[in-house]
Every structure is written in C-alpha cells, then in structure tokens.
Amino acid sequence: EADIYQTPRYLVIGTGKKITLECSQTMGHDKMYWYQQDPGMELHLIHYSYGVNSTEKGDLSSESTVSRIRTEHFPLTLESARPSHTSQYLCASSDLNRGNLYGYTFGSGTRLTVV
Amino acid sequence: DQQVKQNSPSLSVQEGRISILNCDYTNSMFDYFLWYKKYPAEGPTFLISISSIKDKNEDGRFTVFLNKSAKHLSLHIVPSQPGDSAVYFCAASASGGSYIPTFGRGTSLIVHP
C-alpha cells in the first residue's frame, strides 16, 4: 500500500510543453526528494527539500524547478519539455529523525516521454 | 566518477540457490549502506541496511555483509525465489554530510524456477 503517490504514471508530451509531475505523501515526512533514473543507470538526485519553503538542487543539473508549500506536496515542473528530458522520475520521502538506516519511501514513478 | 559501483549488470540464479550481489565504494566517509529492490515500472523499495559499526546484518532470507577495509559490501539471498527477480540497487551515505545516499547502477537478478 503506497504512502507516497505520483501522478501521472505515464506521460507522453510534445516538445516545448510545460508539465508538472505531482508527488504527495501521507506519512508526515519532512524530507522529500526527486530522482531521475534511466535503465541501467544509477538514480540521480535532481532536487530535495528538508521542509516547507526549503528546496535545494541535487547533483544532476536539471532544468526543472520544485516547490514545497505544504509538507505533503512536492511537485516538479518542467517549463519547456525537450526530448532529453525523457526518463523515469521518482519521488521519495524520509523521516528526518530516523537516521539513515531505514531508507526512503519511493513513489511508483512517472515515466516521461517527450516527442 | 562513480563512488558506488555495482560491476555486474545482471545475475542469473536457479530457484533455491544463493544469490550474491556485490557492491564496491570509493568514499571512505560512507558509513551507512542500504539495498533497494526495484520491479519494472515501480519505484525502489527499501530492503535492508547496515551501518559501518557492524559487519553483518540479517533479515530473514536477506543478509548484508560489509568489509570496510575492502570497501565492499554484498547482499546474500538464501534461498532465492522467482519473486526475487528484480533490479537491486546499492546505496551509501555519510553521516558527516547530508545523509543523502549515492546509488549504484543496479544489478538485475533473474531467478529461474
């Protein structure tokens, strides 16, 4: 039973369109993350947040932006989609106080294809 | 430069036998290590973890071994089951930093009936 929800699951969109990938969690976690992952490759961190009104860029350069207005909601926006943005986007959350031995809870991901 | 390396992209094992997935790391500051399991079209799920103060952690059929001097960890699955067929990601993080883990590229495990 998923406690972190991503929509849409699949999206095919034309070049130049603006898109927002939604991510919501019901666990009250302070930390939230966006990763990008291609087959056979590692998960790359693109954005993260430690709480409301806190957002940081990750290791992977990205043309996307994020916002954290509510604890449970962490949407990712691409202002102008390009074919190079085609990938799987994974949202995750974790409890600030549980250290690092309990892992993240991931959503099911959004498979984005830009044509 | 990959700090967490999973050098075997795939592994094929017979049902009932042991599966051993390997992971090497280069950053000596890493002191937390985790394994995630990922099915196609799904997000990764946390499987098991270990901190650097231990060299072994066991949870049912899954055991993780850590060799700090070799900067190597491994995940053992005994006995392997067809439902274990998935991609397994190794991840490592440093308590002195942001705790945000660095992931390997994954190993695709196929368990044959």
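Tabulated values for the structure
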item	result
Cβ-Cβ FRET estimate between B:D1 and B:Y39, R0 fixed at 30 Å, reported to 0.05	0.55
Residues of type lysines that B:K5 reaches as a straight line, Cα spacing below 22 Å, ignoring anything fewer than 8 places off in the same chain	B:K37, B:K38, B:K54, B:K56, B:K68, B:K71
For B:I110, residues with placed amide H under 5 Å, excluding near neighbours	B:L11, B:S12, B:V13
Label point 7 Å beyond Cα of B:S69 along Cβ direction - residues of segment B:76-109 with amide nitrogen under 19 Å	none
Radius 14 Å from Cβ of A:Q6, net charge of other residues (Lys, Arg +1; Asp, Glu -1)	-2
Cβ-based exposure ranking for B:W35, A:W34, in which fewest neighbours within 10 Å come first	B:W35, A:W34
Loop sites in segment A:1-76: GluC sites (Glu not before Pro), DSSP, at most 14 other Cβ within 10 Å	A:E1, A:E63
R0 of 45 Å, Cβ-Cβ distance B:I53-A:I13: FRET efficiency to nearest 0.05	0.40
Per-residue mean of C-beta atoms belonging to partner chains within 10 Å, peptide A:38-45	6
A:S49, B:S51 arranged by Cβ crowding within 10 Å, fewest neighbours leading	B:S51, A:S49
Whether chain B is rounded, prolate or oblate, judged on the alpha carbon gyration tensor where a/c under 1.5 counts as rounded	prolate
Cα-based convex hull, chain A, per residue volume (Å³, whole number)	103 Å³
Relative contact order [Cα under 8 Å, 6+ residues apart], segment B:69-109, whole percent	37 percent
Table column - 3J(HN,Hα) (Hz), segment B:61-69, Karplus curve with 6.51, -1.76, 1.60, x for Gly and Pro	7, 10, 9, 10, 10, 10, 10, 5, 5
Amide H contacts under 5 Å for B:D31, placed H, 5+ residues apart	B:S93, B:A94, B:S95
Computed over chain A: relative contact order in percent, which uses C-alpha pairs under 8 Å that are six or more apart	37 percent
Relative contact order, percent, chain B [alpha-carbon distance under 8 Å, six or more residues apart]	37 percent
Fewest-first sequence of B:I53, B:I18, B:I48 by Cβ atoms within 10 Å of each Cβ	B:I53, B:I18, B:I48
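None of the figures in this text is laboratory data; all of them are computed from the coordinates on show. These figures come from a predicted structure and were not determined experimentally. Cβ sites come from the backbone with ideal geometry, for glycine too, and all protein chains shown count toward neighbours.
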